[in-house]
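Chemist: Below are the C-alpha cells for one structure; questions will follow.
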Amino acid sequence: MLSKMTIGFGLSTAVISVATALLLIFKETTPLFKAWMAALTTHHWVTHGVFVIVGFIVLGYAFSQTNLQEKFYGDKLSNYIIGSVILSCLLTYGFYSTHL
C-alpha cells in the first residue's frame, strides 16, 4: 500500500504536468499575461517555474490530506503520471508545431 504522501505528490505530479503545458500555451498566446508574468520576476520563465513549484507543493499536501489510499495503488498512480506526461508532451508539441 502506498503512503498518503506518495499518492498525494504522485497525483500532484500528474496535475502539474498538464497544468504547466496549459500555462505555457496560455502565456504564449496571451501577450499581456506573459508580460505580467515577466514583471513579477526577472523573466516569464522564472515566474512559470515558481508557479509550478508552488502548485506542486500545495497540491501535493492537499492531496495527501485526503483518504485516497483505498483508490490508488502503484500501477494506477504510475499510469496517471505517465498518461499526464504524455498528454503534456502532446499539448506542447501540438502548440509549437503550429507556431514555429
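Chemist: Quick one: how many residues across region 49-76 are part of a helix (DSSP H, G or I) and over 28 Å from Leu24 (Cβ atoms)?
Modeler: Pass one, region 49-76, residues part of a helix (DSSP H, G or I): 49-64, 74-76.
Subsequent filtering for residues that are over 28 Å from Leu24 (Cβ atoms) retains 74-75.
Adding up the residues that qualify gives 2.
Chemist: Which one of these does Leu2 not meet: (1) at pLDDT below 95; (2) among the hydrophobic types (A, V, I, L, M, F, W, C); (3) closer than 18 Å to Ile86 by Cα?
Modeler: Every condition holds for Leu2 apart from (3).
Chemist: Something else: Only residues in region 37-59 that are under 16 Å from Gly8 (Cβ atoms) and at pLDDT 95 or above count as the first member; pair them with residues that are small (Gly, Ala, Ser) and in a helix (DSSP H, G or I), Cβ under 6 angstrom, at least 6 apart or cross-chain, and list the lot.
Modeler: Within 6 Å, the pairs are Phe56/Ser12; Leu59/Ser12.
Chemist: Among the residues of region 33-77, write down those that are exposed (fewer than 12 other Cβ atoms within 10 Å of the Cβ) and hydroxyl-bearing (Ser, Thr, Tyr).
Modeler: Thr42
Chemist: Moving on. How many residues does region 13-58 hold that are farther than 24 Å from Leu100 by Cα and small (Gly, Ala, Ser)? Can you show your working first?
Modeler: Residues of region 13-58 that are farther than 24 Å from Leu100 by Cα, as a first pass: 13-16, 39-42, 50-58.
Imposing the further condition that a residue be small (Gly, Ala, Ser) reduces the set to 14, 39, 55.
Result for region 13-58: 3.
Chemist: So is Ala62 farther than 18 Å from Leu22 by Cβ, without any contact (Cβ under 8 Å) to a residue 40 or more places away in the chain and among the hydrophobic types (A, V, I, L, M, F, W, C) or not?
Modeler: no
Chemist: Can you name the number of the only condition in (1) farther than 19 Å from Val18 by Cβ; (2) surrounded by 13 or more Cβ atoms within 10 Å (Cβ to Cβ); (3) of a type outside the set (A, V, I, L, M) that Tyr80 fails?
Modeler: (1)
The values are calculated or read from the model by the stated rules, or taken from the named source; none is laboratory data. Quick caveat: nothing in here was measured; it's all calculated off a predicted structure. Because the Cβ atoms are built from the backbone with ideal geometry, glycine has one as well, and the counts that use them run over all protein chains shown.
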